[in-house]
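Notes follow the structure.
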Amino acid sequence: MSTTTPARLSLELNVNQKRIRGFLREQYGRLPEGVARWELEDSQADAVRARFARQLRPTDPALWTLEIGDTVLRREIHAAYGGQEQGGIITPRSIPDILVITSPESGARHGYDAFEGLQEDGSFLYTGEGQRGPQIFARGNTALRDAAENGRPIRLLTKQGTYVTYVGEFTTGEPAFSIETIPDSDGNLREGIIFKLVPVDADVEALDAPSAPLAESAQASSWTPPESSSYIVGAPLIPGERVVSRIEFELQKDFGQWIKSRGETPQRLRLGSAGATIEPDLYVSESGWIVEAKKSPAREYVRTAIGQILDYSLLARESGRPAIPVVLLPSRPIAHLEALLSELGILLIVRDDEGFLVIE
C-alpha cells in the first residue's frame, strides 16, 4: 500500500484531516460518487504539503490526527509521535495518548492469544508486554493500568505486516486487569497481565473476523443446567466466563424441568455479534422464549436482565428465529419494575407454589 492518503499526510504535517480534505475539495472538487476515500496522485500530495508545511513549527504540539479505519505504516506513527519501535504498548512523549497494537498472528507466537480478543460484553482483552517470565507492572504495563486515572486516551491499532489500522479510542474497564496463567514465547507457563479495554469511540467489529451471515449466526443445541461446581461469589474477572450462584443454578435447573413438563424443549442458543458469541441462559424453540435468569428481583438485577434480553432477542429475530424476551426471577419484583417489563414487551416468569407463574 504505497498510495498517499490524507491520513498519512496528517501524520507527516501534524494537520487535522478535515483541513486537508477541505483543501483537496477546494482544489480538485468532491470525490466521485461511490468513492469513499482520497487516494492522491503525487502532484496532489505535493500541493497539500505546500499548503500546510509552512504552518508547521518545531514547537507545535503534536496532534492525534488518525481517524477510525485509517491504515498507515507503523514507522509513520513513530515519525510523527516517537515512542517505542518494538512491542505492542507505545508511550510517546509528544502526546498523552497510549498506543496499543494487537496482532493475532504475531501474538500467538508469544502466548498472547490465550485471552486476547473481543469479548461477549463488548470489551477487548489485551495481553500486557513481556514475552518471557512473569509479566510485571513496569513501563507500558504501568502506563496502561493507570491510563484512566491519569486521563490518557488509549488508541488501539491492529497490525498487518508493516501497516497498522486505527480501531479507535478505548479506556480501561472494571476491573482494569486480571492476572492469568499464559504461556511465554518458549511455551512455559507464567503469570500474564490481561487488560480489559472498553471502547469510547471505536469500530469494534474490526477487531475480529466478520460475523457469520445473519441466517447462520444463531445456532441452537441441547441444553443442560449449568454445573453446580461453577458457583462463584461476586463477578468473574474475565468477561464471558459462565458462572452462576447457587440460587441461579437451582432456578435454571427447575425451570428447565418445568419447560419439559409442558412438552417443550429447552435449548442453548449461541448468537453471533460483531465477532463475538453471546448466549442467553435458555431458549425454548416451540414458544420462541429467550430467557435470562437472575438470582434476585432487585432493581440492579432486573435492569441488567432487561439490557441483556433485548439484545439477545433482536439478534435472534435478525437471524430469522422467533424471539419473545423473558426474564426469569425467583420472586416478583416491585410493581414499578413489573410495569417496566410489561411496557418493554418482556415476559416475566417467577417461581410460585405450583412451579412457575407466567406474568403477562
With eigenvalues of the C-alpha gyration tensor scaled by 5 and rooted, the chain, Å: 47, 25, 18
Neighbour cut-off at most 14 other Cβ (10 Å), DSSP loop, GluC sites (Glu not before Pro), segment 93-164: Glu149
Average projection area in nm² (convex hull over Cα atoms of segment 1-58, one quarter of hull surface): 4.2
Cα-based reach from Lys196 at 13 Å (exclusive), listing aspartates and glutamates while leaving out same-chain residues under 8 positions away: Glu116, Glu120, Asp121, Asp146, Glu174, Glu180
Chain lengthening between Thr224 and Asp254 when straightened (0.36 nm per residue, less Cα-Cα): 9.7 nm
For segment 324-350 versus segment 245-300, the gap between their alpha-carbon centres in whole angstrom: 14
At 0.692 mPa s and 37 °C, Stokes diffusion of segment 85-215 via Kirkwood alpha-carbon radius, µm² per second: 219
Descending semi-axes in Å of segment 242-360, equivalent ellipsoid built from Cα gyration tensor: 20, 17, 14
Euclidean distance between Cα centres, segment 144-168 to segment 170-205, Å: 13
Separation of the Ser245 and Thr277 label points, Cα + 7 Å toward Cβ, nm: 2.8
Under the Karplus curve 6.51 cos²θ - 1.76 cosθ + 1.60, θ = phi - 60°, whole-Hz ³J(HN,Hα) for segment 164-177, x wherever Gly or Pro sits: 10, 10, 7, 8, x, 8, 10, 9, 7, x, 10, x, 5, 7
Fully extended contour minus Cα-Cα distance, from Ser185 to Arg299, at 0.36 nm per residue: 36.4 nm
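Readers should treat all values here as calculations from the given coordinates under stated rules, not as data from a laboratory. Model, not experiment: these values are computed from the prediction. Backbone-built Cβ (ideal geometry, glycine too); neighbour counts: all protein chains shown.
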